[in-house]
2 protein chains.
Amino acid sequence: MNSFSFQNPTKIVFGSGTVSQLGKLAKPYGKSILLVYGSGSIKKTGLYDEVMNQLNAIEAKVVELSGIEPNPRLTSVNRGIELCRSEKVDLVLAVGGGSVLDAAKAIAAGALYDGDVWDFFIHKAVIRDALPLGTILTLSATGSEMNGNAVISNWETKQKRAFGSMHAYPRFSILDPTLTFTVPRDQTVNGVVDIMSHVFEQYFTLTPNAPLQERLCESILLTVIENAESALEKPNDYDARANLMLCGTMALNGGLISVGTDNDWASHGIEHEISAIYDIPHGAGLSIVFPNWMKYVYRERIDRFTQYAERVWGIERGSKSDEELALAGIEATCAFFDRIGAPAALAYYNIGREHLDTMAKEAVLFGPIGSFKQLREADVREILEMAL
Amino acid sequence: MNSFSFQNPTKIVFGSGTVSQLGKLAKPYGKSILLVYGSGSIKKTGLYDEVMNQLNAIEAKVVELSGIEPNPRLTSVNRGIELCRSEKVDLVLAVGGGSVLDAAKAIAAGALYDGDVWDFFIHKAVIRDALPLGTILTLSATGSEMNGNAVISNWETKQKRAFGSMHAYPRFSILDPTLTFTVPRDQTVNGVVDIMSHVFEQYFTLTPNAPLQERLCESILLTVIENAESALEKPNDYDARANLMLCGTMALNGGLISVGTDNDWASHGIEHEISAIYDIPHGAGLSIVFPNWMKYVYRERIDRFTQYAERVWGIERGSKSDEELALAGIEATCAFFDRIGAPAALAYYNIGREHLDTMAKEAVLFGPIGSFKQLREADVREILEMAL
């Protein structure tokens, strides 16, 4: 295990009906609140009204920014930053899934920065401060509710980039599994793939002697696999939704499950290039990229993949070689993705070879990606080719 | 899973040589530092000098409180509180194991309280504030480095009691596994039992539908079992020591591994009564109490105990009945404790029936204890009898 430091100050409030605690949680931060949300589904479900009742009860002045996109755009972030400044916002409140939360983080950081917020995403500036952020999560997926990461798309430059900062951790996050009852099937599937992918990025590591971290990762994978189909079959299954929600949060809660190990994140990098150009859902992109990444890299440390096959998928070694066992684990992953209806190839979105070169080039713009296997442009190109 | 809220603001800095970060970590809190430690072993190992070098480099004014007992005493806590007041202390710095850390927490809380610090332990007052606390851990056991709990012995009243408060979380904790290389064998054993016991208190729950939490608990148990004997055989085995240290912290890091479930803590309550009278090491008391608690309660929810036998000890069900499988898991626990040299009975300390009645009565002073099975005075008496 490597040396590390870890801190995660976010307060999470988890359970049915916990939105009723919003007023109490928001009040200490001030009166002027920027409410950030997406397409308006929170108006249909009644969540919007519930939020406004809570905020009215503490006599907050609410400014709204709606219409955050599924791959949240820099233009929306900039609108939010302007509102924060003109309305002297004290607290940014994000109500939605990871996209809304990520946009809100970028807004909170950008509002206190005397420059272009995109600087944070292209390593031109470091976040030194941010407005306080609170969140109400409506989708189990990104873990954004308990970490300092944000991913934003710059549609002008066709770039999708991430930042991570201690200042961007939410002060509080309300996690009510019942709010995910209305999440459509495809988004639930994408969320499941996203959660599993976050674990994969941390689990497939070359760092030796981290047995607890490995088991924490496996614990999340097993629990997601066990609950995904229940949530898909019965969208109102509280236990399944609650388990998925907790798994989503734990999978990326500041990296607690993988402290002291090198993370990979190459598959996320590759996926970002796909959705930067084609605007496909992040989770769908991951279900296309990850199995192909696995097939491309598993020989780097085959024992990690045989362990994955045995512990996560319960595949018995029997007379299998390491190679056969590792591949059986990858096949089990593909079969599971297929069973829940996650796409397996770029062809699903009618994506062909047109932009593979651009994507491969952009993915390694700041140098090789990944740590399990360092990928250069040609490697990324090959994985994209395998994903066609 | 129940509703819950969770927050753990402690920053941990983990790895070999991380004491070199002390100055930087302590500096923001002010110049006057109360250094709390135990019997002086930190002087023999050179850690004391290293700490003082760090504190001198930031020009801190250091006040010392040494001699904190293995079961830390209220008298020591009160001496520390007086020092905080007379020396206008800005930061309490604990260097040692759980006892030193717990004493430091009580000092930090008591220093800002206009009354008797014991009030916090007997439910007479609630902690509203505390001095900032930093820790350097030298023993893997209590998890005190990343939670807000403290256990203190009042030798006058022969009571050993605990408090828990958000204000008592360390601001930072330095976890250097090499500092545990010199921990004697018996203390290493006691630490292992303590870590496992913390997990048991959370794992054996009646709360249904918490599969992730169950697996997180099992992950820690498996990792402790896997590393304990290596650490005992080769005290300088960095990986084994590091894995134990991380397990200790994760086992009780504010309850993250058991969010949304009822915890038991009856065995700790019973152990506190034993060491309140006999001053035996906490871990040793737990290795005596816990297997007997298990034998007394396992029928309450036998599936949790059969799962424990299968997943933690790898016992195959074969043709075993639930009862047989559950008991096999408990026996495996006893065999492991025996293998590492943890005591199995009160007789090990020449403790007889003399004070069993008092202990049973004191254990339920505030009502029945435990949640897996609610224990009344007669139940506690019976468990103590089994432990003779």
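The values are calculated or read from the model by the stated rules, or taken from the named source; none is laboratory data. In this text, all values refer to a predicted model and were calculated from it rather than measured experimentally. Glycine also receives a Cβ, built like all others from the backbone with ideal geometry; neighbour counts cover every protein chain displayed.
Quick one: is B:ASN71 in a loop (DSSP other than H, G, I, E, B), away from chain A (no Cβ under 14 Å) and surrounded by fewer than 23 Cβ atoms within 10 Å (Cβ to Cβ)? The answer is yes for B:ASN71.
For the range A:104-133, filtered to residues that are free of Cβ contacts under 8 Å to residues at least 60 places away in the same chain and of a type in the set (Val, Ile, Thr), the residue that is surrounded by the most Cβ atoms within 10 Å (Cβ to Cβ) is A:ILE127. Could you tell me whether the range B:353-365 includes any residue that is surrounded by 21 or more Cβ atoms within 10 Å (Cβ to Cβ), out of contact with any Leu (no Cβ under 6 Å at 6 or more places or on another chain) and acidic (Asp, Glu)? Within the range B:353-365 (the criterion being surrounded by 21 or more Cβ atoms within 10 Å (Cβ to Cβ), out of contact with any Leu (no Cβ under 6 Å at 6 or more places or on another chain) and acidic (Asp, Glu)), the answer is yes, since at least one residue qualifies. Restricting B:SER319, B:SER287 to those that are touching a Phe, Trp or Tyr at 6+ places or on another chain (Cβ under 7 Å) and among the polar types (S, T, N, Q) reduces the list to B:SER287. What number of residues in the range A:219-260 are surrounded by fewer than 23 Cβ atoms within 10 Å (Cβ to Cβ) and hydroxyl-bearing (Ser, Thr, Tyr)? Matching residues across the range A:219-260 total 2. Taking the numbered list (1) touching an Asp or Glu at 6+ places or on another chain (Cβ under 7 Å); (2) part of a helix (DSSP H, G or I); (3) aliphatic (A, V, I, L, M) in turn, A:LEU206 passes all entries but (2). The condition (being in contact (Cβ under 8 Å) with a residue 60 or more places away in the chain, in a helix (DSSP H, G or I) and facing chain A (nearest Cβ under 10 Å)) is satisfied by just one residue among B:LEU232, B:LEU286, B:LEU244: B:LEU244.
Of all residues in the range B:144-153, one or more are over 24 Å from A:ARG215 (Cβ atoms) and within 14 Å of another protein chain (Cβ to nearest Cβ). Counting only residues that are in contact with a Leu (Cβ under 9 Å, 6 or more places away or on another chain) and of a type in the set (D, E, K, R), the range A:117-144 holds 2 of them.
Residue-wise test of (1) under 24 Å from A:LEU212 (Cβ atoms); (2) modelled with pLDDT of 95 or more; (3) in contact with a helix residue (DSSP H, G or I) (Cβ under 9 Å, 6 or more places away or on another chain); (4) not in a helix (DSSP H, G or I).
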position: A:VAL297; (1), (2), (3), (4): yes, yes, yes, no
position: A:GLU316; (1), (2), (3), (4): no, yes, yes, yes
position: A:ALA344; (1), (2), (3), (4): no, yes, yes, yes
position: A:ASP357; (1), (2), (3), (4): no, yes, yes, no
position: A:LYS361; (1), (2), (3), (4): no, yes, yes, no
position: A:PHE372; (1), (2), (3), (4): yes, yes, yes, yes
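Taken together, B:LEU216, B:LEU206 contain a single residue that is within 19 Å of B:SER371 (Cβ to Cβ) and surrounded by fewer than 18 Cβ atoms within 10 Å (Cβ to Cβ), which is B:LEU206.
Does A:THR157 count as at pLDDT below 95 and among the polar types (S, T, N, Q)? Here the answer is yes, as A:THR157 does meet what is asked.
Might you check whether a residue that is surrounded by fewer than 23 Cβ atoms within 10 Å (Cβ to Cβ), modelled with pLDDT of 95 or more and closer than 30 Å to B:VAL189 by Cβ occurs anywhere in the range B:50-60? Yes, there is a match, as at least one residue in the range B:50-60 is surrounded by fewer than 23 Cβ atoms within 10 Å (Cβ to Cβ), modelled with pLDDT of 95 or more and closer than 30 Å to B:VAL189 by Cβ. Of the candidates B:SER39, B:SER16, the single residue that is assigned to a loop (DSSP other than H, G, I, E, B) and either at pLDDT below 95 or among the aliphatic types (A, V, I, L, M) (or both) is B:SER39.
Considering the conditions (1) within 23 Å of B:LEU384 (Cα to Cα); (2) surrounded by 23 or more Cβ atoms within 10 Å (Cβ to Cβ); (3) not polar (S, T, N, Q), B:TRP265 is excluded by exactly one of them, (2). Of all the listed residues (B:ASN53, B:ASN147), the sole one being under 25 Å from B:GLY269 (Cα atoms) and among the polar types (S, T, N, Q) is B:ASN147.
Residue-by-condition table, conditions (1) closer than 28 Å to B:VAL151 by Cβ; (2) surrounded by fewer than 22 Cβ atoms within 10 Å (Cβ to Cβ); (3) out of contact with any Cys (no Cβ under 8 Å at 6 or more places or on another chain):
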| site | (1), (2), (3) |
| --- | --- |
| B:ALA276 | yes, no, yes |
| B:HIS282 | yes, no, yes |
| B:VAL289 | yes, no, yes |
| B:ARG301 | yes, yes, yes |
| B:ARG317 | no, yes, yes |
| B:GLU323 | no, yes, yes |
| B:ALA335 | no, yes, yes |
| B:ALA342 | yes, no, yes |
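Being in a helix (DSSP H, G or I), more than 15 Å from the chain's Cα centre (by Cα), farther than 18 Å from B:ILE107 by Cα and not acidic (Asp, Glu) holds for only one residue in B:THR178, B:THR182, B:THR157, and it is B:THR178.
For the range B:203-229, taking the residues that are more than 26 Å from A:VAL199 (Cα to Cα) and among the aliphatic types (A, V, I, L, M), the one that is nearest to the other protein chains (Cβ to nearest Cβ) is identified as B:ALA228. Scanning the range A:88-100 turns up no residue that is surrounded by fewer than 23 Cβ atoms within 10 Å (Cβ to Cβ) and part of a helix (DSSP H, G or I).
Taking into account only those residues within the range B:1-39 that are of a type in the set (Phe, Trp, Tyr) and within 14 Å of chain A (Cβ to nearest Cβ), which is surrounded by the fewest Cβ atoms within 10 Å (Cβ to Cβ)? The extreme case among them is B:PHE4. Checking B:THR333, B:THR306 one by one, the residue that is assigned to a helix (DSSP H, G or I), without any contact (Cβ under 8 Å) to a residue 24 or more places away in the chain, in contact with a helix residue (DSSP H, G or I) (Cβ under 6 Å, 6 or more places away or on another chain) and of a type in the set (S, T, N, Q) is B:THR306 and no other. Screening A:LEU222, A:LEU246 for residues that are under 22 Å from A:CYS334 (Cβ atoms), assigned by TED's automatic domain parsing to the domain that holds A:LYS373 and touching a helix residue (DSSP H, G or I) at 6+ places or on another chain (Cβ under 7 Å) leaves exactly one candidate, A:LEU222. Scanning the range A:256-271 for residues that are within 12 Å of chain B (Cβ to nearest Cβ) and out of contact with any helix residue (DSSP H, G or I) (no Cβ under 6 Å at 6 or more places or on another chain) yields A:LEU256, A:VAL259, A:GLY260. For the range A:365-380, state whether one or more residues are farther than 16 Å from A:PHE290 by Cβ and in contact with an Asp or Glu (Cβ under 6 Å, 6 or more places away or on another chain). No, that holds for no residue.
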